[in-house]
Each structure stands twice: as C-alpha cells, then as structure tokens.
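Here, each number is a calculation from the coordinates, and none is a lab measurement. Since this is a predicted model, take the numbers as computed values, not measurements. Neighbour counts run over all protein chains shown; Cβ positions are idealised from the backbone, glycine included.
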Amino acid sequence: MAAKKNINFRDPKYYTNRELSWVEFDRRILSEATDPATPLFERLKFLAIVSSNLDEFVMVRVGSLYDMKQAGYDKPDIAGLSPEMQLEAVSSSIHALVYDQYKAFRTKLLPELRSNGLELVKGHENMTAAECKFADEYFRTLVYPVLTPMAVDSSRPFPLILNKSLNIGALVRKKEGSKELVFATVQVPSVLPRVVVLPGSSNLKRVILLEEIIERNMKSLFLNYDIVCSHPYRITRNGDMSIDEDDAEDLLKEIERSVKARKRGQALRLEIEHRADKRLVAFLKKELSIEDSEIYGIDGPLDLTALFKIISLPGFDDLKNPPFIPAPVPELPAGCDIFSQIRKKDILLFHPYQTFEPIVDFVRKAATDPDVLAIKQTLYRVSGNSPIIAALAQAAENGKQVTVLVELKARFDEEHNIVWAKMLEKAGCHVIYGLVGLKTHSKITLVVRHENDGIRRYVHLGTGNYNDATARIYTDVGLLTCNEQIGEDATAVFNMLSGYSEPKAWNRLVLAPLWLKERFLYLIDREAKIASSGKEGRIVAKMNSLSDPDIIEALYKASAAGVKIQLIVRGICCLKTGVKGVSENISVRSITGNFLEHARIFWFKNDENPEVFCGSADWMSRNLDRRVEIVFPITDDALKARLWHVLDTELKDNRRANILQPLGCDYVKEGTRQKKAVDSQLIAVKEAIDMAKAATPKKTSESRVFIPKTKPAK
C-alpha cells in the first residue's frame, strides 16, 4: 500500500494524447467498413463517416493545435506533448489512416460493388461510346451553365477556394505557341448531383462522379488554351472559432461574422489526386501556404462522403440493413393523455429503439393545452425542419409563456441556430443565448401546468439533443417526470440561465460547471473507500469521451484501491489500462455499430445500494468546466434495473465491442471466439419491440351464435 501512495498518478506516461485517441476512434469506424459480416452498403456508409469525421477533426482539433503553435503556446498536454509535437504525431496518424481507408475502398469495396451489380467508373476514359455521348450532353445542358472557370495571371489573383469544396485545378497554355503555363481552376458545383447514373445494361448499373464529367470537358471551359494537365483537389481550412463574448456587443452578429470568417481560414490540408502533375501541386502548395506534411495524395475519389449518395441509389435493398422502425413506448399508448401518464410514474425512454415521437408530442400537447401556462426548453442542435421549433412557436402564438435557450455556439450549427433564434423571437418566444463564456449543452424541457390541486411541473431530461432526425440513429436515454423536487430544480435551472439567480442548494439535479465534477469525484472516491474497507467497490460508466485529468486520476486511485471499473467509451479515451499499480482494475470498451452510441449512464455500486445517473455530460474538461450540463439521478428501482441491463448487455457485447489494449491506445475487436454472438444494439432493438408487444392489449375473439329463425306460430 505504501508503494501505491508514492505513485504520481499525473505522470504523463499514464495518459494518451486526446487527438491520437480520436484518430484511433476513426480507425475503429474504418474497421466496420471492412467487416464482411456487415452488409456492403452499410460498409460504404462507415467509409463515408470516416471522411466526414476527418473533415471536422482537421477543421477543429488540428485547427486548434495550429493556432496554439502560431501563438507560441508550448505547454504540454496531459500526455506530455506540446502542440507542435501533437501536430507531427497527428499528421502521421492521419496519413496512415487515409492510406488504409482508400486501400480498403479500392481493393475490397469496389470489387464487391461490381460483383453486386454496381460499378463506379474510374476515369472518364473508361466509358463506352454511348456513355461518352451521354456524359458530354449532360455536361452541355446541365453542368456548363453553372460553372465559373477562373484563370490566374498578373491581372487575376489566386481566387478564394472555399473550405471543403471540390475543385479541378489545371495547368493551361495559350494555343498560339506560348510556353508559359497558367493555373486555372473550376469548382465542382455542389448544387448538382455528384453521382451520375450512366445509361446501359440493367444487369450492371454504372455510375460516374461529376468531377470526371467536368474534367473530360475542360477544353470547353478554356477554348483558347491547351490543357496540359487537370486534377481534382480539395482543401480543408481552419474552422476553430474564437469569440470574445465580453467585447461582443451583439453575440448573434458576432457569431454570424465568425461563421463567414471560417470559410476563409488558413488551409490546413490539401487533398489532391495522387498522380497529379508536380508543377500543379507545387503551385497550390505555394498559394495555400501549406507544408508537405499537409498534402495528401489520394488514390481514388476525393471526399468519400459521396458514398452517402451511392448508398441511396434505388434497387440495392439487399445490400443494406432492413429498414428500422422505432418501437412505441409502452407507457405512452397512442391517443393517451401524456400528462396523466407521467403523473402515474416516471417514464424512461431509450432512443432510437423507442420512438422519439413522445418528446415531440410532449411539446406539441403543451403548446395547445389550455391548462399549460409556460414552456421552457434548451436547444443545442435541432433538425432542419424541426417539429419542436414549430410547436414552441405555436405555443407562443397561443399566449403561453415560452422561454427558449438557443445555443448559438453549437459548432457547425451556428447558422442553423441563428435562423431558429430569429424565427422564435418573431413568434413571440423569449429567446436567450446562454451564459458568457459557457456553452449550454444541457437537455431539459419544463412545462408548467395549472391543475385542480395547483401548479404542477412536468420535466423531460435527456442525454441527447432535441433533434428528431438524429434521434433515429443516436442511442440516448431520457426521463419524463413530474417529481416535485426535479420540477423545482428545473425552474432554478432556467432562472439561472435567464438571469443571475443561483439557488443555494439543489434537490436532485447536478449541474456543471460548478457542482458536477465535484460530485463525480466524490462518487468515485466513495467507491475507493468502500474497496479499502474490504468490501466490493465497482463503477460502470458509459459515455462518449473520457479526457478530464482530474477524473482519470480519481479513477486510477480507485483502481489502485481495488475498485473494479468498467468503462464503455465510444470515442476519445485518454486513460490507459493495465498499468501495474495504477489501472490494473480498469477495462475500457468502445462499441461501434449501426447506431451511434451517445448515451451517458453512470452506475456506482455504493455498497449494494446502487446509485445511477444519466445526463448530457461526458467526463471531459470542456463538459465539466466550460459548459452548462445537467446530470440527473434515476431513483425508481425498476428504471435503475432497466439501465443496469443496458450496461450489462454492452459489457457482454462481443460483436461490436472493441477492447482497449493495455499500456496504449490500440483497440482490438473482441470477437465471438466460439462464444454465442452478442450484439447489444440488436438485442436492444428486439427488446424494445417485445416490450411494446407485451403492453398491447390482445384482441379477444367474440363467439358468434347463429340462431335460425323458427316458423312463426299460426
């Protein structure tokens, strides 16, 4: 025990760099794209997700490291790496990931596509005569009028290349014999379909990408020039926004300005066809002011998010997962009075296995119910055509007191949220933008209703956004309750967000940034003390990411004290397992499947009296120290048992689970190894359906007796 006391639990060797851990997460997604047990189009989807994730990672995380390096900031992270060291390590990791991604695409997925009746034409020169005729006509009638070719010379400077836009760069030479090479570029228009179906045999559907058609017809864009070479290219710019809220007179206008500036940020990555002319690459490198390490030679189509369009092509249902329809919530049968159902007992919702519709109905019903006095809600990310936004606007028009916190700083949803904020204000809602310096990431709705016995407060608390679109693919849990103490806390939350009223104490809810980390540290330490007393200490926690050094240190100390710690962490994990005397009692698994694991569930054994919490916060410093987050307890024994079952099933998953290997950040798929396959997501789908069926009243067949008429008496 004395040796354990001498351990420096903050030693950088016990931690993994956050950015490298994220790249490893994207590699786990890539492994799903190469799993032969997964339907082909689902594998294409995973490959596209890798590209989408990398775009955001470069814009935000690499952008942040770039800013730190430029500012001369050299403080090391928890793993002992300076920003410059992190940039070098991350660049190497991303290059390796992209190489493996395109190797899988070329060698595995493309051949399988062709054998299943779909071919992506590689190079416009590989088209048949009929296909060439079609492509040229398609270009002439639909594409050519939209294009804006731009040449660069002494009178025309290098144009602004938009972030993440796909372009074709060319070196051209005047036809009258000039030897001077001129750079020219044309943007592939995003307003046109990128995947074009070619005419031909019904047995083999051939498709071509729009940039191939444009490249084939480049001579039509530069009639007085010879095309020396032409190649697709794409840049990713720094999208990390820094907003000085203290000096911003109008936060909404300041964010609008910053969103526009993002499109012109420093180029951080150049993707270009791997066989591109070196002179063209050198020109782009100079004009974009980037390093060799930031240039990615791509052996395949740039921006594989185009695969999302390919998997939406009709006629290939056998290559996809069967359509998924969320199950009804047994406690909320169709046509019921949702308020009376909530009064009966707390209702736990598990999305997407159970439908998100009750949450939409909760707000819709409140908007039209004459007994509802007020609706208050936080909005972080909502869908493009949000029914919740429409219901809130209707509630205000119906004379309800409607207060909505719209988080304008939700990254990459800023423009979206600005539009919603203006619309809600126009409808008569009180719109607030949160607290200075903090993002409001909590998920809470409060409905205040006048009933026969006085005012009653109904509350929804969740782990995911009020987004009906993502609720079909993100796993989240939510709670509907009219518990009086939670209702009081909910009122205090909104008073704190809209003004400066901070309660002296909270009944049930635990909020960041002031109280949440302290509570988690207390709960972890309590398990350590229980274990030190000779009893069993155990923690099971499920989250998206784990990177906060205070939390990790507490987990290390608890592990050293003998606490069994089982973590289910989908993404970033800066903790290392298997370190002698430090983390021998800690295991970490990551589940990647058809649905994105997004729920946060925290279970503490507490000497045979388990405490269970759900909430919006991960164990990350940004969630615990720089955001408004809400974690809520689950007190009903039946609901506790249900959440334990969710955790226990995921701990037994050997189909989708990846296990963090000792002393590093590598993950290995657990695999069935002659065991019965356990897929936690498929089990959750089946159980939701079974629960709904069990709650559906069975129809009783009525016995019918046919009595013949008797002859009337005379």
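At what distance in nm do the modelled label points of residue 293 and residue 202 sit from each other, each positioned 7 Å from its Cα along Cα→Cβ?
5.6
Using only Cα atoms and rounding to the nearest 10 degrees, what angle (0 to 90) does helix 637-652 make with the longest principal axis of the chain?
It works out to around 40 degrees.
Residue 119's amide H: which non-local residues (gap 5+, or another chain) put their own amide H closer than 5 Å, with H modeled 1.01 Å from N in plane and none for Pro or chain starts?
For residue 119, whose amide H was placed from the backbone, the distant partners under 5 Å are 205, 206, 207.
Can you sort 466, 233 by how many other beta carbons sit within 10 Å, fewest first?
Values: 466 28, 233 23.
In order of increasing Cβ crowding within 10 Å: 233, 466.
Per-residue HN-Hα couplings for segment 557-571, Karplus 6.51 cos²θ - 1.76 cosθ + 1.60 at θ = phi - 60°, whole Hz, x for Gly and Pro?
5, 5, 4, 4, 7, x, 6, 7, 10, 10, 10, 10, 10, 5, x
Name the long-range amide H neighbours of residue 163: under 5 Å, sequence gap of 5 or more, or other chain; modelled H, no Pro or chain starts.
Excluding prolines and chain starts, which carry no amide H, there are no hits.
Please list 3J(HN,Hα) in residue order for segment 320-333, calculated via the Karplus relation 6.51 cos²θ - 1.76 cosθ + 1.60 where θ = phi - 60°; whole Hz, with x for glycine and proline.
Once θ is set to phi - 60°, the couplings for segment 320-333 become 10, 5, x, x, 10, 10, x, 7, x, 8, x, 6, 10, x Hz.
Give me the distance in nm between label points sitting 7 Å out from Cα along the Cα-to-Cβ direction at residue 125 and residue 666, one decimal.
4.1
Once you keep just the Cα pairs under 8 angstrom separated by 6 or more residues, what percentage relative contact order results for segment 326-407?
So the answer I get is 29 percent.
If you take the beta carbon distance between residue 318 and residue 693 as r and set R0 to 22 Å, what does 1/(1 + (r/R0)^6) give as a FRET efficiency, to the nearest 0.05? Write down the numbers at each step before the final one.
Numbers: r = 27 Å, r/R0 = 1.23.
Efficiency at R0 = 22 Å is approximately 0.20.
Among 547, 178, rank each residue by its count of other Cβ atoms within 10 Å, from fewest to most, as a rough exposure measure. All intermediate terms of the calculation are to be shown ahead of the outcome.
Details: 547 26, 178 11.
Neighbour counts put them in this order, fewest first: 178, 547.
Report relative contact order for segment 1-114 in percent, whole number only (criteria: Cα-Cα under 8 Å, sequence separation at least 6). Walk me through the intermediate numbers first.
Details: 79 pairs, mean separation 38.2, N = 114.
Contact order relative to length: 33 percent.
Only Cα pairs under 8 Å and at least 6 apart count here; give the relative contact order of the chain as a rounded whole percent. Before the final figure, lay out each step's value.
Working: 1275 pairs, mean separation 83.5, N = 714.
Reported as a whole number, the value is 12 percent.
Using the alpha-carbon atoms, what tilt in degrees (0 to 90, nearest 10) does helix 414-427 show relative to the longest principal axis of the chain?
So the inclination is approximately 50 degrees.
Given the DSSP H assignment, sum -39500 (n - 2.57) over each helix run of at least 4 residues in the chain and divide by its residue total; what's the result at 222 nm in deg cm²/dmol, nearest 500?
Details: 21 runs with 243 residues, N = 714.
Roughly -10500 deg cm²/dmol at 222 nm, from the helical runs in the chain.
For a quick check: with amide H placed at 1.01 Å from N, whose amide H comes under 5 Å from residue 374's, ignoring anything fewer than 5 positions away on the same chain?
Those lying under 5 Å, H to H, from residue 374 are 401, 448.
Can you tell me the orientation of helix 18-33 relative to the chain, as the angle in degrees between its alpha-carbon axis and the longest Cα principal axis, to the nearest 10?
It works out to around 80 degrees.
Using a Förster distance of 45 Å, how high is the FRET efficiency between residue 425 and residue 178, based on the Cβ-Cβ distance and rounded to 0.05? Spell out each step's value before the answer.
On the way: r = 59 Å, r/R0 = 1.31.
My answer for the efficiency is 0.15.
Want the number for residue 52 to residue 110: 0.36 nm per residue separation, take away the alpha-carbon distance, what's left?
Values: separation 58, 0.36 × 58 = 20.88 nm, distance 1.95 nm.
Stretched out fully, the residue 52 to residue 110 stretch lengthens by 18.9 nm.
Just check segment 60-148 against the gyration tensor rule for me: Cα atoms, a ≥ b ≥ c as the square roots of the eigenvalues, rounded for a/c under 1.5, and otherwise prolate or oblate depending on whether a/b exceeds b/c.
On the way: a/c = 5.42, a/b = 2.07, b/c = 2.62.
Here segment 60-148 falls in the oblate category.
So if each residue of separation counts as 0.36 nm, and I subtract the Cα-Cα distance between residue 136 and residue 383, what length gain in nm does that give? Provide the component values of the computation, followed by the final result.
Numbers: separation 247, 0.36 × 247 = 88.92 nm, distance 3.79 nm.
Extra length from residue 136 to residue 383 when fully extended: 85.1 nm.
Going by Cα centres, segment 98-155 and segment 607-665 are how many Å apart?
45
What is the fewest-to-most order of 645, 124 by other Cβ atoms lying within 10 Å of their Cβ?
Working: 645 13, 124 19.
Sorted ascending by nearby Cβ count, the order is 645, 124.
Calculate how many DSSP beta bridges within the chain are antiparallel, expressed in % of all such bridges and rounded to the nearest 5.
Looking only at bridges with both residues in the chain, the antiparallel portion is about 70 percent.
Expressed in nm to one decimal, what extension gain is obtained for the pair residue 11 and residue 227 from 0.36 nm per residue of sequence separation less their Cα-Cα distance? Write out the running numbers ahead of the final one.
On the way: separation 216, 0.36 × 216 = 77.76 nm, distance 5.80 nm.
The span from residue 11 to residue 227 would gain 72.0 nm if fully extended.
Between residue 453 and residue 162, take the C-beta separation as r, use R0 = 56 Å, and let me know the FRET efficiency to the nearest 0.05. List each step's numbers first, then the result.
Numbers: r = 59 Å, r/R0 = 1.06.
The formula returns an efficiency of 0.40 here.
Taking the DSSP beta bridges in segment 338-508 as the whole, what percent of them are antiparallel, to the nearest 5?
Numbers: 22 of 31 bridges.
For segment 338-508, the DSSP antiparallel bridge percentage is about 70.
Once a ≥ b ≥ c are taken as the square roots of the eigenvalues of the Cα gyration tensor of segment 512-694, is the result rounded (a/c under 1.5), prolate (a/b larger than b/c) or oblate (a/b not larger than b/c)? Intermediate values should be presented prior to the final figure.
Details: a/c = 1.44, a/b = 1.21, b/c = 1.19.
Since a/c stays below 1.5, the shape of segment 512-694 is classed as rounded.
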